[in-house]
1. Quick one: 3J(HN,Hα) in Hz for the range 11-18, Karplus 6.51/-1.76/1.60 with θ = phi - 60°, rounded, Gly and Pro as x.
2. Can you give the Rg to Rh ratio for the range 20-59, taking only C-alpha atoms and Rh from Kirkwood?
3. Once phi is turned into θ = phi - 60°, what whole-Hz ³J(HN,Hα) does the Karplus curve with 6.51, -1.76 and 1.60 give for every residue of the range 37-44, x standing for Gly and Pro?
Amino acid sequence: MAQEKDNKDYNLFFILGAIFGALTGYAIAEVILWAIFGAIIGAVFASFFVNALVKDRTY
């Protein structure tokens, strides 16, 4: 059950990365296609952040 709770916490990073990536992509180019591309790139950066920095951290 603790493992399931940890996965839910990590999903927040992916959601925030996608949202702010989409906002950044749209702000730069003002085209919906760039917003979608920005959301994908934001999710990729969130994946790196979760796997490289947050995964090994203990509280």
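Just so you know, all these numbers are worked out from the coordinates, no wet-lab data involved. Source: prediction; values computed, not measured.
1. Per-residue couplings from phi come out as 4, 4, 5, 5, 5, 5, x, 5 Hz.
2. Details: Rg = 12.9 Å, Rh = 10.7 Å.
Computed over Cα atoms, the ratio is 1.21.
3. 4, x, 5, 5, 5, x, 5, 5
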